[in-house]
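Right, one structure below, let's go through it.
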Amino acid sequence: MKFSFKELHTFEQRHADSTKIKKKYPKRIPVVVERHPNSQVVDIDKHKFLVPDDITVAQFLWIIRKRISLSEEKALFLFVGNTIPQSSSTIGQLYTDCCDDDGFLYAYYSGENSFG
């Protein structure tokens with residue numbers, strides 16, 4: 001999936017931004033979150049997050065759910081690198097495993113499992 005954040009900002013801009021963030025906030029992870037294009041869920045109001053490295057995927061999903069005002073009955077999935085990470089994984093672990101070359105962790109969310 002192509003992220004609009006990557007299309008709006010050059011690699012050099014993104015890399016400089018992530019480097020500055022990591023220097024200023026060493027215990028935080030720069031994360032870009034976008035809605036999957038085929039999802040029926042509303043788009044989130046902001047796409048760039050500065051996330052503590054020790055929060056879990058489940059906690060981060062709760063933050064996303066709150067920002068898009070999604071009811072608890074509706075399913076919400078987070079994808080990192082076309083896979084659904086374990087909800088007990090920390091954002092720091094995901095960053096170590098799936099960080100992009102520009103220094104950001106890219107994820108997208110969907111209201112349904114887009115892969116079947």
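The values are calculated or read from the model by the stated rules, or taken from the named source; none is laboratory data. Note that the structure is predicted; figures quoted are calculated from it, not measured. So basically every Cβ, Gly included, is an ideal-geometry build from the backbone, and we count neighbours across all protein chains shown.
Condition check: over 13 Å from the mean Cα position of the chain (by Cα), of a type in the set (V, I, T) and surrounded by 12 or more Cβ atoms within 10 Å (Cβ to Cβ). Does I21 satisfy that? For I21, the condition - over 13 Å from the mean Cα position of the chain (by Cα), of a type in the set (V, I, T) and surrounded by 12 or more Cβ atoms within 10 Å (Cβ to Cβ) - is met.
Residues in the stretch 45-55 that are of a type in the set (V, I, T) and surrounded by 17 or more Cβ atoms within 10 Å (Cβ to Cβ): V51 only.
Among the conditions (1) crowded, with 17+ Cβ neighbours inside 10 Å; (2) acidic (D, E); (3) more than 18 Å from L94 (Cβ to Cβ), the only one that E34 does not satisfy is (3).
The residue that is nearest to R28 (Cα to Cα), among those in the stretch 56-86 that are without any contact (Cβ under 8 Å) to a residue 12 or more places away in the chain, exposed (fewer than 12 other Cβ atoms within 10 Å of the Cβ) and of a type outside the set (S, T, Y), is K66. For the stretch 1-18, filtering for residues that are part of a helix (DSSP H, G or I), among the aliphatic types (A, V, I, L, M) and surrounded by 11 or more Cβ atoms within 10 Å (Cβ to Cβ) leaves 1. Here the stretch 5-54 is the region considered, the condition is being in contact (Cβ under 8 Å) with a residue 40 or more places away in the chain and of a type in the set (S, T, N, Q), and the residue that is farthest from I68 (Cα to Cα) is T19. The single condition among (1) exposed (fewer than 12 other Cβ atoms within 10 Å of the Cβ); (2) charged (D, E, K, R); (3) over 22 Å from A16 (Cα atoms) that D101 does not satisfy is (3). Only one of the numbered conditions (1) at negative phi; (2) touching a residue at least 12 places away in the same chain (Cβ under 8 Å); (3) part of a loop (DSSP other than H, G, I, E, B) is not met by G103, and that is (1).
Inclusion of S89 among residues that are surrounded by 12 or more Cβ atoms within 10 Å (Cβ to Cβ), touching a Ser or Thr at 6+ places or on another chain (Cβ under 9 Å) and free of Cβ contacts under 8 Å to residues at least 40 places away in the same chain is warranted.
Residues of the stretch 66-100 that are in a loop (DSSP other than H, G, I, E, B), more than 13 Å from the chain's Cα centre (by Cα) and of a type in the set (D, E, K, R): E72, E73, K74. The requirement of being at pLDDT 95 or above, touching a Leu at 6+ places or on another chain (Cβ under 7 Å) and assigned to a helix (DSSP H, G or I) is fulfilled somewhere in the stretch 44-59, by at least one residue.
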